[in-house]
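So the structure is just underneath, and the comments pick up after that.
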Amino acid sequence: FDTDILSDLAREVPSIQARVAAIPAAEQFVPIVAAEEALRGQLATIRRAQTGAGSVSTEVAYAYLQETLEQMRGMQLLAYTQTADMLFRTWRAAKIRIGTQDLRIAAIAFAHNAKLVTRNARDYALVPGLNLDVWN
C-alpha cells in the first residue's frame, strides 16, 4: 500500500477499509518509505497541536499516531534495499517526473516484485514496468 491508501485507512474510509480487509494479512505490505511518510504526518500533527497551531488537540493528535502505529502493526514492511536504491537512482537519472518519495516507494515495490496499491495512477504510471493496482 502506498501512503494515500494508508491515509485513507487512518481516516477510516469505508470503501478502502473493506478492500483492505478482503486482502489476507499475509499479503499486506507497506514500503518503509510509505510508513515513514505516514509517521511524519502524524508527528507533524502532534507538533502543531502542541504549539496551538493545529486543528486538533494534543490528545487527539497522539490518538491519531497510535491508530497509525496499530494499523501498520499487522502489515509487513518492505525494505529500501540496495536494488531499490539502484532503481531509484536509475529512474531519477532518466528524469521520471514524479515526487522523490513516490519514486522511492515505486522502487521498493518493483525491487520486491510487489503490486503497488495506490490512488495515484497518474504519477506511478510513469514508472516503467511497475505493477499497479489503482483504487479509486
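Observations, loosely collected:
- For segment 59-133, the solvent-accessible area of protein heavy atoms averages 59 Å² per residue (probe radius 1.4 Å; ligands and nucleic acids excluded).
- Taking amide hydrogens as placed 1.01 Å from N in the peptide plane, the amide H of residue 132 sits under 5 Å from those of 116, each at least 5 positions away in sequence or on another chain.
- Trypsin sites (Lys or Arg not before Pro) restricted to segment 8-40 and DSSP loop, no more than 12 other C-beta within 10 Å: 11
- 20 Å tail of the calculated P(r), segment 62-136, as % of Cα pairs: 37
- Hz values of 3J(HN,Hα) by residue in segment 119-126 - Karplus curve (6.51, -1.76, 1.60), Gly and Pro given as x: 9, 9, 5, 4, 7, 5, 5, 6
- Residues whose amide H comes within less than 5 Å of that of residue 77, counting only those at least five positions distant or on another chain, are 30 (H built at 1.01 Å from N in the peptide plane).
- For segment 39-45, 3J(HN,Hα) per residue [Karplus equation, 6.51 cos²θ - 1.76 cosθ + 1.60, θ = phi - 60°, Hz, x = Gly/Pro]: 5, 4, x, 5, 5, 5, 4
- On segment 23-136, 52 percent of the accessible area sits on carbon and sulfur atoms, based on a 1.4 Å probe.
- Per-residue ³J(HN,Hα) for segment 51-59, Karplus 6.51 cos²θ - 1.76 cosθ + 1.60, θ = phi - 60°, Hz, x for Gly and Pro: 8, x, 8, x, 8, 10, 6, 4, 4
- Between 0 and 90°, nearest 10: helix 100-111 axis offset from the chain longest Cα axis: 60
The values are calculated or read from the model by the stated rules, or taken from the named source; none is laboratory data. Remember, it's a predicted structure, so these values are computed and weren't measured experimentally. Glycine also receives a Cβ, built like all others from the backbone with ideal geometry; neighbour counts cover every protein chain displayed. We work out accessible area using only protein heavy atoms, side chains counted, and drop any ligands, DNA or RNA first. Shrake-Rupley method; radii C 1.70, N 1.55, O 1.52, S 1.80 Å.
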